[in-house]
C-alpha cells in the first residue's frame, strides 16, 4: 500500500480541467488555490486501511467536504467532486472505498459502508486541520455512502448534498418485483474492469461493451449470465440475482431506510426524471419533509449519467450555494422555493413549495380499436389481447436505464409495431396539458398463465406520428393473489403535453433487459432456463388512466 505523499500544488493538467469545469458549468470565480496530499491512510476497525486524497485550500478554511466513492479520483472526477470546493475555501477529503484503487480490504459492494463511514469520521476528528464541522457530498454510490453515515449521524455533520441517491439496494435491484438486469450487470461489468490500465485491450472492451453486455443479458440462467463477461470477478452479482426476497437478511446491510428517520441536518437532494434512483430520492424527500427536516430537492430532465454531466451546470452551483449557507455560514438562502423541477415538453424550470403540487385528476379510458378517450368503453366490449413470449421478450426502449445512450427520453415509436404490445392513443390535443405528479394506470387484466409481469408507459405522439416516452411502471404480479384491477403507479413527472400532440398508453408483458424476463414457469427465475408464454386479455370497460393535472 502506498505511503502518503507530501502536499503538492495541483498539477497543470488538473488546473486546466478545473478551469474548464468552472467555465462550462458557469461556477463563481475561485477564491484561491489548493495543495494535494495523496494516499492519506485512514484506519478501519477491522484493521483495513483505506486511502484518500486531501485537498487543502490556501488560507483560512470554511469547513470540510467529505466524499466517499469506489471509482477512484482521477483528474476529471476530482474536477467535479473536489476542486470546486477546495478552490472556494473548503478542505476536501476524497476517500476511496475499501478494496478499490489501493484501499485495503475486499470490495463487497454496499455491505461495509456503515462502519467504514463512521470510522472515516473518527479519523477526521483527529486531523489537525479539521475545525469540527463538515459536509458530505456525492452522487450514486457516493450518495449511498452518505446515507450509510446517516445511520448514526455524527454531531460534527452540518449538511448533506445527495445526488441521484439510493438508500435501499434491495429496492434498486428489485423495482416492481423484477430483477434490474441491466443495472446489475452493466454496473458490475464496469466496476470489475475500472482499474484495468490503459491498453488496446481496454479500448477494445469499451468499443465492444454494448455487444458483449447484450449477449450476456440474453443468457440463461440469469445468475450465471455475467460469469464470462467478468471472468467470475463479480461474485456479488449472483447474490443479487438469487436473493429475490427483499426481506432476506442478506440485504440488511444495504437497506438504510432507518437513516431517513435519523438525519437532522439540512439535506439537498438532486436527481433526474430519468434517473435509476428517482423513486428513492422522492421517498427521501417525502420522509424528511414529513419529519420537518430542512430539505430541498431539484429534479432535472436527466438520466443517471446525465445528472453528473449535463446536470452539473445546475447541481454544482446549487451545491456551492448550499455549502455557503449551511457549512461556511457565509451565504444567504438562494432558493425561492424548496422544490425546483424541470417541466419536460415545456423546457422550463418550475419552483414549488412542495412536491407534488395540488392537482386535479384527468381520467382517460382505453377504447376498442386503440383509442384513448374520456368515456369508458361499453360493458361487454371485446377485450384487447396480446401474447408475451419470454423467448422473444418485449424490448426496453429508453427509460431509467444505466446504459448510455440507450436510456432516457427517446423515440419509442417502434414499440407500437410489435405484436406483443398494446397501444391506445388519444385525440389531438387542442390545448396544452401539464401533468405534475405520478400518473396511475388501472388494468382489468387476465392471463392463462399466472406467472406474469405488466409494463405500462405513457408516451407523447407528435404531429409526425413519432412517439417519445414520458413515464412508465413495471410490476411482477403475484400468481397467488391476483389483483383486479391491477394498479400501477407510474414514475413521477413534470411534463407538458403540447397542442397538436396526442397521449399514448402502452401496455406490454415486460421490458427486457431493464427487468429480467418472467420465464412463465414458476421455477426459480435465477437458475431456470425453461420458458412458457402467456396469453393476456385486458377488459377495456374496467381499465383507465389517471393523470394528475396541475390545478
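Restricting the stretch 76-99 to residues that are surrounded by fewer than 21 Cβ atoms within 10 Å (Cβ to Cβ) and closer than 22 Å to residue 183 by Cα leaves a set whose member that is modelled with the lowest pLDDT is 77.
Anything in the stretch 180-205 that is assigned to a loop (DSSP other than H, G, I, E, B) and in contact (Cβ under 8 Å) with a residue 60 or more places away in the chain? List them, or say none. The answer is 180, 194, 195.
Scanning the stretch 153-201 for residues that are over 17 Å from the mean Cα position of the chain (by Cα) and within 20 Å of residue 99 (Cβ to Cβ), we see that the one that is surrounded by the fewest Cβ atoms within 10 Å (Cβ to Cβ) is 197. For the stretch 306-352, what are the residues that are at positive phi and touching a strand residue (DSSP E or B) at 6+ places or on another chain (Cβ under 6 Å)? Result: 345, single match.
For residue 355, indicate whether it is in contact with a strand residue (DSSP E or B) (Cβ under 9 Å, 6 or more places away or on another chain), modelled with pLDDT of 95 or more and buried (at least 16 other Cβ atoms within 10 Å of the Cβ). Against the criterion (in contact with a strand residue (DSSP E or B) (Cβ under 9 Å, 6 or more places away or on another chain), modelled with pLDDT of 95 or more and buried (at least 16 other Cβ atoms within 10 Å of the Cβ)), residue 355 qualifies.
Residues that are without any contact (Cβ under 8 Å) to a residue 12 or more places away in the chain and closer than 23 Å to residue 138 by Cα within the stretch 225-275 comprise just one, 252.
Within the stretch 374-394, being closer than 16 Å to residue 504 by Cα and loosely packed, with under 15 Cβ neighbours inside 10 Å holds for 374, 375. Counting only helices (runs of 4 or more DSSP H) that fall entirely inside the stretch 260-330 and contain at least 2 residues that are not assigned by TED's automatic domain parsing to the domain that holds residue 134, no element qualifies.
Yes or no, residue by residue, for (1) within 18 Å of residue 147 (Cα to Cα); (2) part of a loop (DSSP other than H, G, I, E, B); (3) over 25 Å from the mean Cα position of the chain (by Cα):
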| site | (1), (2), (3) |
| --- | --- |
| 59 | no, yes, yes |
| 72 | no, yes, no |
| 80 | no, no, no |
| 85 | no, no, no |
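Any residue at all in the stretch 538-545 that is within 28 Å of the chain's Cα centre (by Cα) and either over 30 Å from residue 339 (Cβ atoms) or surrounded by fewer than 22 Cβ atoms within 10 Å (Cβ to Cβ) (or both)? The answer is no, given that none of the residues of the stretch 538-545 is within 28 Å of the chain's Cα centre (by Cα) and either over 30 Å from residue 339 (Cβ atoms) or surrounded by fewer than 22 Cβ atoms within 10 Å (Cβ to Cβ) (or both). The single condition among (1) under 19 Å from residue 476 (Cβ atoms); (2) touching a strand residue (DSSP E or B) at 6+ places or on another chain (Cβ under 8 Å) that residue 407 does not meet is (1).
The values are calculated or read from the model by the stated rules, or taken from the named source; none is laboratory data. All values derive from a computational prediction rather than experimental measurement. We place every Cβ from the backbone using ideal geometry, glycine too, and count neighbours over all the protein chains shown.
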